[in-house]
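See below for the structure under consideration.
Derivation of every value follows stated rules applied to the coordinates shown; laboratory data play no part. Computed from a prediction, not measured in an experiment: that's the story for all the values here. For neighbour counting, all protein chains shown are included, and Cβ atoms are generated from backbone atoms with ideal geometry for every residue, glycine included.
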Amino acid sequence: MATGRFLVLLFTILAGVYYFDLHNHPAVQEALERPAFAFLAALRQQNSLAVPNVPVVAPVDAPNPQATVASPTGSTRAPFTRHIVAVGDLHGDAGNAQKVLQFSGVVDAFGNWTGNADFFVQTGDIIDRGDDTIKLYKWMERLRVQAATAGGLVMTHLGNHEVMNAIGDWRYVYPSEINTFGTVAARQKMISTGSIGRAWAQNYTATSRLPLHPHLGGPNTPFPPPHHPIHFRREDDYEDESDHTRYYDPEEPLSHSALSFVHGGLSPTYSNLAPFPTKINALSSSLLEKLQHRVQPPPHPPNHYPGLPQGTTSEEVELYDSNGPFWYRGWATDTEEQVCVDVEKVLARTGTRRMIMGHTPDFTGIVSRCNGKIIIIDTGISHAYGGVLSALSIHYTFTPVESDDGEPRWVEREVVSTLYADRQEIIVDEARELVGNFRFQ
């Protein structure tokens, strides 16, 4: 009994210490380092007891995620929720990156994963224009491990600047950033076969397809699915090229309930969209491997532009040209009339309902076009640009509803918000009712 009372008292004191933020006081820190408190020090190291001052952003009037609906058989149908946060180009600025990830709820004040998001997506261009290259890539890998431990996922992408650096095109590399590596040769090694280069090869893709509902499978499940040949019906069966219905299966109402992420954009005339994202990512991996494992050329400038390596295929050349996913800007620069026609083809072929990308900055805020089917999230976060700090938040809910006819009915809702340091703006709030039995694993 005495031991039990002691433990209750101990944890009561510790709860007060952390609640009132006394754990940062030097005397308290010293006490926590003593052997008797070793297990608590380990917990503190993981921030298991910390209460971060981070807002939890929720959609307005969202369906109650705790609600369950009884079916005619007496079983219950539970709701499903998914929260995604996406951030654009960071360009060597760890300080502003920390601010963005903290006010969007992804990390706490210590830069550790909070668990407030299921997915964190970064759309490339972490490197160049700033001095925090090493710090940012190490942070992304630490967050990746923390997220996985908590059941979340970090999804990172190669931007045109990552590929430029792999090629040896260092036009936007500051001398002060090279100094953080020590030498030019040390930097070359780290981004080729060193820790950053290995992270690129293992954990960074050119593009992603993220299903909003697990019925469609996990992240980067290819579309069209190989077991569903209906999506490959002959093109000449359709006289009207604008008829994209061949990519939609009426028996699979969730087939396009997914998002695509890419750095530049998925051009409507790019030849390797499908299967998505498998084809693009395979080409990206093969090109990066050739770049990283050739003898590293002296960087440009001051030397000549080294170009793509010998043995680069025509498909890899197309991947890196202005129409490819690293460089394409048409979704940002073309007219509203044109992009709202073109986007339908790309969404149909990629099995997605929105395209989210960085690359083309708007220094005033996130750009939404065609009712949120195109979202451009590069707002010049780095101090090199002086733009606004921003993130994109997607709250998805799949909620069972009462049914008089005995059919399993659901309300699918997606709320897309732009997050800034001082405000939140909802740019999409869409809901629809579906009927059917869906897989939740």
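Tabulated values for the structure
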read-out: Counting all C-alpha pairs of the range 255-365, share separated by more than 23 Å (%); value: 37 percent
read-out: Other-chain or far-sequence residues with amide H under 5 Å of Leu389's (modelled H); value: Ala421
read-out: Karplus-derived HN-Hα couplings along the range 99-111 (A = 6.51, B = -1.76, C = 1.60, θ = phi - 60°), whole Hz, x at Gly and Pro; value: 4, 5, 5, 6, 6, 8, x, 6, 10, 8, 5, 9, x
read-out: Unit charges at the beta carbon, dipole of the range 286-441: most positive-side option, Asn323, Ser393, Tyr305; value: Tyr305
read-out: Residue order, fewest to most beta carbons within 10 Å, for Met355, Met140; value: Met140, Met355
read-out: Sparse-neighbour loop sites [chymotrypsin sites (Phe, Trp or Tyr not before Pro); the range 89-140; at most 16 other C-beta within 10 Å; DSSP]; value: Phe110
read-out: Tail fraction, Cα-Cα pairs, the range 71-435, threshold 37 Å, whole percent; value: 20 percent
read-out: Amide H contacts of Trp170 (H built 1.01 Å from N, under 5 Å, at least 5 apart or other chain); value: His300
read-out: Cβ-based net charge around Leu210, under 12 Å, with every Lys or Arg adding one and every Asp or Glu removing one; value: +3
read-out: Residue order, fewest to most beta carbons within 10 Å, for Ser285, Ser208; value: Ser285, Ser208
read-out: Those GluC sites (Glu not before Pro) in the range 300-357 that DSSP places in a loop and that have at most 16 other beta carbons within 10 Å; value: none
read-out: In the range 381-430, GluC sites (Glu not before Pro) in a DSSP loop with at most 10 other beta-carbon atoms within 10 Å; value: Glu402
read-out: The range 70-156: mean projected area of Cα convex hull, nm²; value: 6.7 nm²
